[in-house]
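Reading through the structure tokens given below for one structure.
The values are calculated or read from the model by the stated rules, or taken from the named source; none is laboratory data. The structure displayed is predicted, hence computed values, not measured ones. Neighbour counts run over all protein chains shown; Cβ positions are idealised from the backbone, glycine included. These area figures cover heavy atoms from the full protein model, side chains too; ligands, DNA and RNA do not enter into them. Shrake-Rupley method; radii C 1.70, N 1.55, O 1.52, S 1.80 Å.
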There are 2 protein chains.
Amino acid sequence: MTDTAQNVFRALADPTRRDILRMLGRDAMTIGQVAGQFDMTRAAIKKHLTVLNDGGLITVEARGRERINKFNPAGLAPVLSWLEYFDRFWDDRLAALKTTIDKDTA
Amino acid sequence: MTDTAQNVFRALADPTRRDILRMLGRDAMTIGQVAGQFDMTRAAIKKHLTVLNDGGLITVEARGRERINKFNPAGLAPVLSWLEYFDRFWDDRLAALKTTIDKDTA
DNA sequence: TTGAAGTAAAACCAAATGGTGTCATATTAA
DNA sequence: TTAATATGACACCATTTGGTTTTACTTCAA
């Protein structure tokens, strides 16, 4: 396995992949289902899913001839870790994020 | 200017650029100073700084014949916004980030 | 004013990226 | 068994990316 953080940032660098991740955040989907939402071939979507999987952002579960792709929240951890380095620069902007977090963790 | 979020994620996709950003987070530097820290030509560094600037992650201030490159914390806002979408998935991991935030905002 | 320092900009190159189409394989259903 | 479905894997292509060299322009200092 290569550098984890790099794989995550690389995975997030493409807008299609970020959209796929949002979609999988709502519902787990097969490759075909994901492809149905984009004007792109299944092969292209499959490549994106591979990159997302390499970045640990999704998990793939085989079910018969289908592959269920699920969003993996833990995969975003490297991004959060990386962002923490800049904590001291954040003030009001981060405070806003903090409140949204509070709503969940309360 | 094209899509802001895309420019930010694209800027963060390269490890050299992430390293540069960390360096600029500690101290503002000229192109030459940044280049001195990497085994790479000034031209290459200049390109990276352009991408970081396009992403709004740094600001460049001319001083004589020098260009002072500064980290711009606000440039990371699109990343935070994008991450907020996944709030409901985060629990303990995000709680950790929350505590570090609390230390700053207290 | 002349030379050195700092940067900008352009031409160029190899490799990675994002897409396609095709074919093979495995599984479900008739 | 056979046909359709869902995916995997490969070859291929155009464009982008990350790097280099080279040249030119400003600005500082002697």
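The table below gives the values:
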| item | result |
| --- | --- |
| Accessible area buried, both sides summed, chains A and B with 1.4 Å probe, Å² | 4000 Å² |
| Per the axis that maps chain B onto chain A, nearest residue of B (Cβ criterion) and its distance in Å | B:Ala13, 2 |
| Other-chain or far-sequence residues with amide H under 5 Å of B:Arg67's (modelled H) | B:Ile31 |
| Cα Rg, Dmax, region B:4-105, angstrom units | 15.6, 50 |
| Å² of accessible area per residue within region B:4-105, as computed with a 1.4 Å probe and no ligands counted | 51 Å² |
| Cβ-vector label at 7 Å, A:Ala5, separations to other copies in nm | 2.4 |
| Whole-number percent relative contact order across region A:4-105, with pairs defined as alpha carbons under 8 Å at least 6 apart | 30 percent |
| Drop in accessible area of at least 10 Å² in the complex versus isolated chain, residues of region A:1-24, 1.4 Å probe | A:Gln6, A:Phe9, A:Leu12, A:Ala13, A:Pro15, A:Arg18, A:Leu21, A:Arg22 |
| Ascending list, in nanometres, of distances separating the B:Lys70 label from those of the other copies (7 Å, Cα toward Cβ) | 4.7 |
| Kirkwood Rh, angstrom, region A:22-63 [1 / mean 1/r, Cα pairs] | 10.6 Å |
| 7 Å along Cα→Cβ, label-point gaps from B:Arg22 to other copies, nm, shortest first | 3.0 |
| Over 22 Å (Cα to Cα) - which of A:Lys47/B:Lys46; A:Lys47/A:Lys70; A:Lys47/B:Lys47 fall in this group | A:Lys47/B:Lys46; A:Lys47/B:Lys47 |
| 3J(HN,Hα) from dihedral phi, region B:81-90, Karplus parametrisation 6.51/-1.76/1.60, rounded to Hz, x for glycine, proline | 4, 4, 5, 4, 4, 9, 2, 5, 8, 8 |
